[in-house]
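Please treat every number below as a calculation from the coordinates, not as lab data. Computed from a prediction, not measured in an experiment: that's the story for all the values here. No Cβ is skipped: glycine too gets one built from the backbone with ideal geometry, and neighbour counts run over all protein chains shown.
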Amino acid sequence: MRKFYTVLYLAIILSCMAACGKNDTQAQTPGRQAELSTIESSSQSDSLSNSKNADESSVAMDSTKTADETMSENIIVDGSENVAESMEDAREAESVKETGRIETDTAETDIQNNTEENKVANMNVQVGDVVFSATLEENEAVSELVEMMQESPVVIQMSDYSGFEKVGPLGASLPVNNSQTTTQAGDIVLYNGNQIVIFYGSNSWSYTRLGHIDDLTGWEDALGSGDVTVTFSLE
């Protein structure tokens, strides 16, 4: 009888132990599942995070690429504009240079023309059979006298006056540019706008200078002391 109770007691203990083991297994299963769920959630979170980071990196790379492309385009545009501006500046500089060259050429041409206009040929002064060369002044009176001589030699009947000059009517009036002058032998002047005076002596009066005999050799002898016929012509 005592042995029976012992066996029964052992059976009860074994049954209790078996029941406890099953409960432990059932208790552990939800924990494991929770752990697995946590791991899966963490993995999904990591995946989402990685995906988000990848998207952000992609966006950043795209932004950087866009910025680089924009900068490159701006550089190209700025470079093109700078080149265009440089070419325009070069064209303007060339235009200014060309304008300056034209103005310079025009000025030089004007100077040359003025010089040619102001350049008056020497004049021949023939007294009797002797011809003398005279250098002419540059003024309006001389210019008009030259125009007269270009048409034909100017012949003037000249009278002696006061033993130092010969004077005669020109037959036309010339522009005057009178100034107080002390004449010398060989001087040719305009008096009163319409009379030519040639000197073999000296006098002080208000005259317009016309020219001067270059070589006075034989000048006074050719003029003599009386009236003479003097022919003025261009060389």
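Computed over the stretch 160-235, the range of Cα coordinates on each principal axis works out to 31, 25, 24 Å, biggest value leading. Stretched out straight at 0.36 nm per residue, the stretch from Val155 to Ala121 would grow longer than its current Cα-Cα span by 10.4 nm.
Within the shell defined by Cβ-Cβ distances under 13 Å, the residues around Ala141 carry a net charge of -4, with Lys and Arg each +1 and Asp and Glu each -1.
Site pair Met148 and Glu220 shows an inter-label distance of 2.9 nm when each label is modelled 7 Å from Cα along Cα→Cβ.
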